[in-house]
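Novice: Pasting a structure here, questions to come.
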Ligand code: GLC
């Protein structure tokens, strides 16, 4: 088993649990750690190698827990440290690794450090843990400069004594000062804390933002918009004061020493929305080891786009001397079943269509759910056959679509904002709706909460969730869940054990067909083929191991993938 191996993460399938929306064991309408423990068997049956839990730490939950008030505890609404221990033990007993989320760019303004910074006043060592600067104007009534927050509005907030603090995200998320040695020490303590408690690895939130150049020129001389949105960021290197700066890599080299104190060494994957030609640096083995490659999540359904994404991912893997990752969905992007169901336009506009569609409660474009499902199935085989790790997001194995019509008043995401000026967005709650476990909606939550007597789920579930409930799909061989289980089992049995990460493009790889070859553990060669075009594509001679749709006269129809084992 690859799991016993120190390199387990290089070819892993990691399942992202968004704890508040996964399963609610105590009936308060919020998913919790005990809920994850209760569903370990489900995840083991799915066939994943590891679970990554989005933040479950004490938090005012302004940004779904990415506003951390205490890095070394569990939010009482989500459980206790003992619950974490039980969850980790259950995962390990089932042969799964546990990955926790580290949020080092900012703390919640409820973190004790931030409170101390406010109390201590300008010039204090307490303020130096954050990025406080005097305001402009006679009494400091103007922000230090015009930088904007990723969530909209100014990136500076006044604290009433002439100083302002920097927040690249919500006002309640204050950016830490990574030039301060105490900040370094504290995060190393946190990494050791969770490693000692059984975490096998870490997901590093906005890994490209930590190092900042605030002082090499007067603040007001910086442009207002230095690529301030992490999504817009395109690897502008040391020209950019805020994102993807070269010094950020020193931090990860320091962390690598901590990871290597453990046996096996702890693993890390960085979230860095930077250009592909910069991503690999975060993944080098003297730094984090792995970085999310988000190119799949950005692509629309075109063969050339996916081919390019695969090439870029493989190139990054080679440069980092590690493996790359493949991601179709996560808690920050509209679900891919919906992305693939909406009109497909060249990928330069990747999420724009879905964002517009969401803004109008899903009424602007026709959501062709059949196409979305077909393409999601096809995309899964294309993804799972590739060398590297695959990150799945909870609910994609059920084929869930984005929930577009959550009423504005029920939205939780700080990104959601309704303005009169046309720059409104609905945010990311549509992919964070609590999962449907049972089709029966007897107690109004599709089995999301364990106790019969429970609070309403923290985000409303649509009636159509009934068709996608785990209990329905488990009993249906044609369901998305059954398809995920079958494909994951094949990958685990036949592809991963070779340890060979080579890929060759197949001769059929041209035009509307994406086709590649990989070695199989039984000595045969896998051909993975995906047909994006209207004309059915001929398959090579061999055994069809799995197909995402029924073949038509022995050929692969449009929007379908197949794995063929060739002699
Ligand atoms: C990352 C998280 C996102 C969060 C942001 C700020 O991008 O994935 O959910 O809002 O960081 O912490």
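Novice: Across the stretch 502-534, what is the total count of residues that are assigned to a loop (DSSP other than H, G, I, E, B) and surrounded by fewer than 13 Cβ atoms within 10 Å (Cβ to Cβ)?
Specialist: Taking the stretch 502-534 first, the residues assigned to a loop (DSSP other than H, G, I, E, B) are 502-503, 506-509, 511-512, 520-524, 532-534.
Okay, now just the ones that are also surrounded by fewer than 13 Cβ atoms within 10 Å (Cβ to Cβ), so 502, 507, 522-523, 534.
Total meeting the criteria: 5.
Novice: Among helices (runs of 4 or more DSSP H) lying entirely in the stretch 295-398, which contain 1 or more residues that are surrounded by fewer than 21 Cβ atoms within 10 Å (Cβ to Cβ)? Spell out the reasoning first.
Specialist: On the way: elements: 295-298, 303-320, 336-339, 352-359, 369-384.
Helices (runs of 4 or more DSSP H) meeting the threshold: 295-298, 303-320, 352-359, 369-384.
Novice: OK, next. Just name the residue that is farthest from the chain's Cα centre (by Cα) out of those in the stretch 91-101 that are free of Cβ contacts under 8 Å to residues at least 60 places away in the same chain and surrounded by fewer than 20 Cβ atoms within 10 Å (Cβ to Cβ).
Specialist: 93
Novice: Looking only at the stretch 144-158, which residues are touching a helix residue (DSSP H, G or I) at 6+ places or on another chain (Cβ under 9 Å) and either free of Cβ contacts under 8 Å to residues at least 40 places away in the same chain or crowded, with 18+ Cβ neighbours inside 10 Å (or both)? I'd like the intermediate steps shown before the answer.
Specialist: We begin by selecting, within the stretch 144-158, every residue touching a helix residue (DSSP H, G or I) at 6+ places or on another chain (Cβ under 9 Å); these are 144-147.
Across the stretch 144-158, the qualifying residues are 144, 145, 147.
Novice: Another question, if that's okay. Can you tell me which residue among 413, 453, 476 is touching a residue at least 24 places away in the same chain (Cβ under 8 Å), surrounded by fewer than 18 Cβ atoms within 10 Å (Cβ to Cβ) and assigned to a loop (DSSP other than H, G, I, E, B)?
Specialist: After applying the criteria, what remains is 453.
Novice: What residue, among those in the stretch 68-96 that are touching a strand residue (DSSP E or B) at 6+ places or on another chain (Cβ under 7 Å) and part of a helix (DSSP H, G or I), is farthest from residue 191 (Cα to Cα)? Before the answer, list the steps.
Specialist: At the first step, the residues of the stretch 68-96 found to be touching a strand residue (DSSP E or B) at 6+ places or on another chain (Cβ under 7 Å) are 68-69, 88, 91, 96.
Now restrict to residues that are part of a helix (DSSP H, G or I): 88, 91.
On the way: 88: 16, 91: 19 Å.
Filtering first and then ranking leaves 91.
Novice: Would you mind telling me which numbered condition in (1) assigned to a helix (DSSP H, G or I); (2) within 14 Å of the ligand (Cβ to nearest atom) residue 99 fails?
Specialist: (1)
Novice: In addition: Against the condition surrounded by 22 or more Cβ atoms within 10 Å (Cβ to Cβ), in the same structural domain as residue 42 (by TED's automatic domain parsing), in contact (Cβ under 8 Å) with a residue 12 or more places away in the chain and part of a loop (DSSP other than H, G, I, E, B), how does residue 423 come out, does it pass? First the steps, then the outcome.
Specialist: Values: surrounded by 22 or more Cβ atoms within 10 Å (Cβ to Cβ): no; in the same structural domain as residue 42 (by TED's automatic domain parsing): yes; in contact (Cβ under 8 Å) with a residue 12 or more places away in the chain: yes; part of a loop (DSSP other than H, G, I, E, B): yes.
For residue 423, the condition - surrounded by 22 or more Cβ atoms within 10 Å (Cβ to Cβ), in the same structural domain as residue 42 (by TED's automatic domain parsing), in contact (Cβ under 8 Å) with a residue 12 or more places away in the chain and part of a loop (DSSP other than H, G, I, E, B) - is not met.
Novice: State the number of residues belonging to the stretch 319-333 that are closer than 21 Å to residue 500 by Cα and either touching a helix residue (DSSP H, G or I) at 6+ places or on another chain (Cβ under 8 Å) or within 16 Å of the ligand (Cβ to nearest atom) (or both). If you could, list the steps in order and put the result at the bottom.
Specialist: Taking the stretch 319-333 as the starting set, the residues that turn out to be closer than 21 Å to residue 500 by Cα are 319-327.
Subsequent filtering for residues that are either touching a helix residue (DSSP H, G or I) at 6+ places or on another chain (Cβ under 8 Å) or within 16 Å of the ligand (Cβ to nearest atom) (or both) retains 319-320, 322-327.
Looking only at that region, the number is 8.
Novice: May I ask you to list the residues in the stretch 102-133 that are under 31 Å from the mean Cα position of the chain (by Cα) and in a strand (DSSP E or B)?
Specialist: Selection gives 102, 106, 107, 108, 130, 132.
The rows are residues; the columns are (1) within 16 Å of the ligand (Cβ to nearest atom); (2) in contact (Cβ under 8 Å) with a residue 60 or more places away in the chain.
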{"site": "13", "(1), (2)": "no, yes"}
{"site": "19", "(1), (2)": "yes, no"}
{"site": "36", "(1), (2)": "no, no"}
{"site": "44", "(1), (2)": "no, no"}
{"site": "56", "(1), (2)": "yes, no"}
{"site": "69", "(1), (2)": "yes, no"}
{"site": "80", "(1), (2)": "no, no"}
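Novice: Taking the criterion of being within 20 Å of the chain's Cα centre (by Cα), at pLDDT 85 or above, assigned to a loop (DSSP other than H, G, I, E, B) and more than 16 Å from the ligand (Cβ to nearest atom), would at least one residue in the stretch 265-272 satisfy it?
Specialist: Within the stretch 265-272, the subset within 20 Å of the chain's Cα centre (by Cα) is 266-272.
Still in the list and also at pLDDT 85 or above: 266-272.
With the extra rule that they be assigned to a loop (DSSP other than H, G, I, E, B), the set shrinks to 266, 271-272.
If we keep only those that are more than 16 Å from the ligand (Cβ to nearest atom) as well, we get 266.
Checking the stretch 265-272: at least one residue is within 20 Å of the chain's Cα centre (by Cα), at pLDDT 85 or above, assigned to a loop (DSSP other than H, G, I, E, B) and more than 16 Å from the ligand (Cβ to nearest atom).
Novice: Taking residue 142 as the residue in question, decide whether it is outside the structural domain of residue 205 (by TED's automatic domain parsing), within 16 Å of the ligand (Cβ to nearest atom) and in contact with a strand residue (DSSP E or B) (Cβ under 7 Å, 6 or more places away or on another chain). Walk me through it before giving the result.
Specialist: Working: outside the structural domain of residue 205 (by TED's automatic domain parsing): yes; within 16 Å of the ligand (Cβ to nearest atom): no; in contact with a strand residue (DSSP E or B) (Cβ under 7 Å, 6 or more places away or on another chain): yes.
Judged against the criteria, residue 142 is not a match.
Novice: Follow-up. Test residue 61 against the stated conditions and say whether it is in a loop (DSSP other than H, G, I, E, B), away from the ligand (no atom under 16 Å from the Cβ) and within 20 Å of residue 414 (Cα to Cα). Walk me through it before giving the result.
Specialist: Working: in a loop (DSSP other than H, G, I, E, B): yes; away from the ligand (no atom under 16 Å from the Cβ): no; within 20 Å of residue 414 (Cα to Cα): yes.
Here the answer is no, as residue 61 does not meet what is asked.
The values are calculated or read from the model by the stated rules, or taken from the named source; none is laboratory data. This one's a predicted model, so the numbers in the text were calculated from it and none came from an experiment. So basically every Cβ, Gly included, is an ideal-geometry build from the backbone, and we count neighbours across all protein chains shown.
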